[in-house]
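Enquirer: Structure provided below as structure tokens; questions to follow.
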Amino acid sequence: MDMLLHKAATRGYFDHGWLRTHHTFSFADYYDPARLNFGALRVLNDDTVVPGAGFGMHPHREMEVVSIPLSGRLEHKDSLGHADVIRAGEIQAMSAGTGIYHSEYNPSRSAPVEFLQIWIFPNRRGVKPRYENAVISDLARPGELSEIVSPYPGNGRGLWIYQDAWLSLGDLRQNTRVEYVLHSAGSYGVYVFVVEGNVEIAGTTLGRRDGLGVTRMSDFSLRALSDTRVLLIEVPPVG
């Protein structure tokens, strides 16, 4: 098993006043040739937007975009006519396909919104843009790693995207040990991102917002050193 450790403090960080953002991989003004992507995982941004601010209408093409609010509310509008608000405890998946415009705003007058935005290269091009939401508690089981996103056409429970990728979320109590078995022998690996808490994988300890890319294995174990929320992203290779 090979491991690639990204400590939280090594991420690209920018404070734009209305937006505080950390970039795990090269994005916008942050560029590190050693951190362009992890297999098909292209972007893992950790954003905080102040009340009444946000990203105006902007285009996306040929990318799978997953947004996970961690606190507060995130208002989404797009060129397909969708206009709704997702909250902490919900998840959104969008296939940009042939092209879509969307905006993301914090509609609150008093509270910031924190959210993860994840971009994954698709395995199909030229698809019709699409968008859907889900409530994480409908998909996740406490104390386990629960699949919340799967490849098209989905498994009937969670969201799906146009890529052989799986996103799993775990809310684990201290000293819980869980096993992760890869879904596909062709997967490049799994990117582990600690949202809150501390975990240990093969002797490596990860803290809040640390990331670890795990490759060249078919399974591995993860132990929560404290009450922990952890996100796992299994992706294929690209190029």
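Enquirer: Going through the stretch 159-202 one residue at a time, which ones are over 26 Å from His22 (Cβ atoms) and small (Gly, Ala, Ser)?
Expert: Ser184, Ala185, Gly186
Enquirer: Sticking with this structure for a sec: Of all residues in the stretch 102-156, how many are more than 18 Å from Glu234 (Cβ to Cβ) and among the hydrophobic types (A, V, I, L, M, F, W, C)?
Expert: Here the count works out to 6.
Enquirer: Take the stretch 7-30 and flag every residue that is closer than 26 Å to Gln163 by Cα, open to solvent by 30 Å² or more (accessible area, probe 1.4 Å) and either touching a helix residue (DSSP H, G or I) at 6+ places or on another chain (Cβ under 6 Å) or free of Cβ contacts under 8 Å to residues at least 24 places away in the same chain (or both).
Expert: Phe27, Ala28, Tyr30, listed by residue number.
Enquirer: Across the stretch 148-203, which residue is farthest from Arg229 (Cα to Cα) among those that are acidic (Asp, Glu) and surrounded by fewer than 20 Cβ atoms within 10 Å (Cβ to Cβ)?
Expert: Asp164
Enquirer: Another question, then. Does Glu144 satisfy the condition of being more than 15 Å from the chain's Cα centre (by Cα), farther than 30 Å from Leu80 by Cα and either buried (at least 20 other Cβ atoms within 10 Å of the Cβ) or at pLDDT below 95 (or both)?
Expert: yes
Enquirer: Now, a different point. Name the residues in the stretch 58-92 that are in contact with a His (Cβ under 7 Å, 6 or more places away or on another chain), within 17 Å of Leu19 (Cβ to Cβ) and aliphatic (A, V, I, L, M), would you?
Expert: Listed by number, the list is empty, since nothing qualifies.
Enquirer: Go through (1) within 24 Å of Asp138 (Cα to Cα); (2) at pLDDT 95 or above; (3) surrounded by fewer than 23 Cβ atoms within 10 Å (Cβ to Cβ) and name the single condition Arg209 misses.
Expert: Condition (1) is where Arg209 drops out.
Enquirer: Also, I was wondering about something else. Applying the selection to the stretch 62-83, what residues are more than 21 Å from Ile233 (Cα to Cα) and not hydroxyl-bearing (Ser, Thr, Tyr)?
Expert: Across the stretch 62-83, the qualifying residues are Gly72, Arg73, Leu74, Glu75, His76, Lys77, Asp78, Leu80, Gly81, His82, Ala83.
Enquirer: Before we move on, is Ser103 among the small types (Gly, Ala, Ser), open to solvent by less than 50 Å² (accessible area, probe 1.4 Å), within 19 Å of the chain's Cα centre (by Cα) and within 22 Å of Gly170 (Cβ to Cβ)?
Expert: On the way: among the small types (Gly, Ala, Ser): yes; open to solvent by less than 50 Å² (accessible area, probe 1.4 Å): yes; within 19 Å of the chain's Cα centre (by Cα): yes; within 22 Å of Gly170 (Cβ to Cβ): no.
The answer is no for Ser103.
Enquirer: Among the residues of the stretch 223-239, count how many are touching a residue at least 40 places away in the same chain (Cβ under 8 Å), surrounded by fewer than 23 Cβ atoms within 10 Å (Cβ to Cβ) and more than 18 Å from Leu172 (Cβ to Cβ).
Expert: Within the stretch 223-239, residues that are touching a residue at least 40 places away in the same chain (Cβ under 8 Å), surrounded by fewer than 23 Cβ atoms within 10 Å (Cβ to Cβ) and more than 18 Å from Leu172 (Cβ to Cβ) number 3.
The values are calculated or read from the model by the stated rules, or taken from the named source; none is laboratory data. In this text, all values refer to a predicted model and were calculated from it rather than measured experimentally. Heads up, the Cβs are rebuilt from the backbone with ideal geometry, glycines too, and the neighbour counts pull from every protein chain shown. Side chains are part of the model used for accessible areas, which takes the heavy atoms of the whole protein and leaves out ligands, DNA and RNA. Shrake-Rupley method; radii C 1.70, N 1.55, O 1.52, S 1.80 Å.
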